[in-house]
Amino acid sequence: MYYVVWHQNPDTDAIASAIVYAQYLRDQWEEAQAIMLGHPNRETSFVLEYAAMDHPELVTNLEEWSHIILVDHNELGQSIEDRHQHEIVAVVDHHKIADIQTSGPLMMRIEPVGCTCTVLYEMFLTDGYHPSPEIAKLMVSAILSDTLHFRSPTTTQRDRDAVESLAAWADINDVEAYALQMFDAKSDLAGIAPADIVTMDYKIFEMGSKKVGVGVMETTNPSFARAMEDELRQAMQQIKHDDEIDYIIFSVVDILHEVNTTIVLSDAEADIIQKAFGQTTVGGKADLGSRVSRKKQIIPALHDVLA
Ligand SMILES: [Mn+2]
């Protein structure tokens, strides 16, 4: 049995990639299962419903030395907690390589594209594998989500080509309208606790001797975050303490206007923001302009300052 594992605080690409890859393996007569790590956000729930997919089964305890496949991540700190007790047999990803170590050779496919589902799409093309319309729906959704419908600088022509083919297979006629529906679903955060909003799309990175937590809220409704800034700040303080990290920042990304307003917790964060981006924190917030991609624009700049 292969267990396909996504990263903590999963986004639509992580969950879609795991479901898609597990289905692909089953279609090759392998036993495979996507396993649940954290809960889908509202965008992902919308997508799963649209594609008529069940939520993957919650597996909390894997037997030791299970065969696991990592999708949409490879860093230890973002993976399942007992990862070192399992054997990683494959990685399909589109992030920088950090600290992966294995006991044997593995299938590894990491490409500089906007989405893990784009990597999967290209693998499927090579294989002559034709996914079902439901699976194609998941893949289109993941690529639109990760690239903010091609607005993110992580977008490549390969992502656009994948969406064009997959949307036809999935019978999605109006991709623009569909993307907006997804983003609106993601932006509906009413009733969610501030701490859960901060950690919904949140990753911890090790840079030199420092640990940095970076949360991102991609939204079509940035005024929602503005109205609850004090609560978000309190939640960030608590998370910084609980996660024992050195810095925490929370970026509110206005998807439609491509603007990043980052909530800066204290002078320590304001200092690295100044060094990394040349931006002064005013009233606890820094204007990071059109830097909407954590992967391509936020993390590398912080890394240059800290590592
Ligand atoms: Mn991704």
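Just so it is clear, none of the values below were taken in a lab; they were calculated from the coordinates. As the structure is a computational prediction, the values presented were derived from the model and not from experiment. Neighbour counts run over all protein chains shown; Cβ positions are idealised from the backbone, glycine included.
A few remarks follow.
- Among HIS149, HIS241, HIS73: highest mean-square fluctuation, GNM of the chain, C-alpha pairs under 10 Å: HIS241
- Taken about its Cα centre, the chain carries a charge dipole of about 820 debye when Lys and Arg each add +1 at the Cβ and Asp and Glu each add -1 at the Cβ.
- Relative to the 2.2 N^0.38 Å rule of thumb, region 167-307 has a C-alpha radius of gyration ratio of 1.10.
- Whole-percent pair-distance distribution, where bins are 20 Å wide, for the alpha carbons of the chain: 34, 58, 7
- Relative to its Kirkwood radius, the Cα radius of gyration of region 2-184 gives an Rg/Rh of 0.94.
- Structure remark: mean-square fluctuation, Gaussian network model of the chain, C-alpha springs under 10 Å; the largest value among THR12, THR280, THR220 belongs to THR280.
- Residue-count net charge about VAL113 - beta-carbon cut-off 13 Å; Lys, Arg +1, Asp, Glu -1: -3
- Most mobile listed residue (TYR129, TYR202, TYR21) in the chain, GNM with C-alpha springs under 10 Å: TYR129
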